[in-house]
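Novice: Below you'll find the structure I mean.
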Amino acid sequence: MNKTELEKLKKVLERQLRELQTDFGKELQAKTTPALADINDQATYESERNFELRIKDRERKLIGKVQEALKKIGEGTYGVCESCGEPIGVKRLHARPVTSFCINCKAEMEAEERREEFSIQQPESSM
């Protein structure tokens, strides 16, 4: 990856970090559950609250990944697959700037996860 591409990706990551931190800093809706007369309204409120919390948790995790990618840029290790040590393709980095794995290693990891999930769903038959 050339210096120009690295600078572009760094700017993308820095902008993404600023946006995430701004969004993350916004308060969630009221911290206490309002007294709602209708049980259906209460269920809807709780469902929406749980959804907001999941979004905040994903934002928190993504902030960590962006910070890690920026740290790697500073260290000169950005764009190197953590699994095989090969360079990660520039197209992949533009599509997912926080990635730590090349497409081949990531595909293999996902295939392994599917195999494990399938083996859990398929109990061994007893004879």
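Novice: Give me the number: length gained by fully extending Arg58 to Gln121, i.e. 0.36 nm times residue separation minus the C-alpha to C-alpha distance, one decimal in nm.
Specialist: 20.0 nm
Novice: Name the long-range amide H neighbours of Val80: under 5 Å, sequence gap of 5 or more, or other chain; modelled H, no Pro or chain starts.
Specialist: Those lying under 5 Å, H to H, from Val80 are Ile88.
Novice: Mean-square fluctuation check for the chain, GNM, Cα pairs under 10 Å: which of Ala43, Ala111, Ala35 is largest?
Specialist: The residue with the greatest mean-square fluctuation here is Ala35.
Novice: What angle, in degrees between 0 and 90 and rounded to the nearest 10, separates the Cα long axis of helix 39-75 from the longest principal axis of the Cα atoms of the chain?
Specialist: Between the helix axis and the principal axis of the chain, the angle is about 20 degrees.
Novice: I've got another one for you. Can you tell me the alpha carbon radius of gyration of the range 3-121 divided by the globular rule-of-thumb value 2.2 N^0.38 Å?
Specialist: Taking N as the residue count of the range 3-121, the ratio is 1.44.
Novice: Okay, helix-only estimate at 222 nm for the chain: each DSSP H run of n ≥ 4 adds -39500 (n - 2.57), divide by all residues, round to 500 deg cm²/dmol; what do you get?
Specialist: -23000 deg cm²/dmol
Novice: If you plug each phi of the range 6-12 into the Karplus form 6.51 cos²θ - 1.76 cosθ + 1.60 with θ = phi - 60°, what whole-Hz ³J(HN,Hα) values come out, in order, with x for Gly and Pro?
Specialist: Each residue's phi maps through the Karplus curve to give 4, 5, 4, 5, 5, 5, 4 Hz.
Novice: If I model a spin label at Asn104 and Thr44 as a point 7 Å from the Cα along the Cα→Cβ vector, what separation in nanometres do I get?
Specialist: Distance between the two pseudo-spin positions: 5.3 nm.
Novice: Between Ser83 and Arg114, what is 0.36 nm times their sequence separation minus the Cα-Cα distance? Round to one decimal in nm.
Specialist: Computed gain between Ser83 and Arg114 is 9.3 nm.
Novice: Please report the relative contact order for the chain, taking Cα pairs under 8 Å with a sequence separation of at least 6, and give it as a percent rounded to a whole number.
Specialist: The normalised contact order for the chain reaches 26 percent.
Read-outs throughout are calculated quantities, based only on the coordinates presented, and are distinct from any laboratory measurement. All values reported here derive from a predicted model rather than from experimental measurement. All Cβ positions, glycine included, derive from the backbone under ideal geometry; neighbour counts span all protein chains shown.
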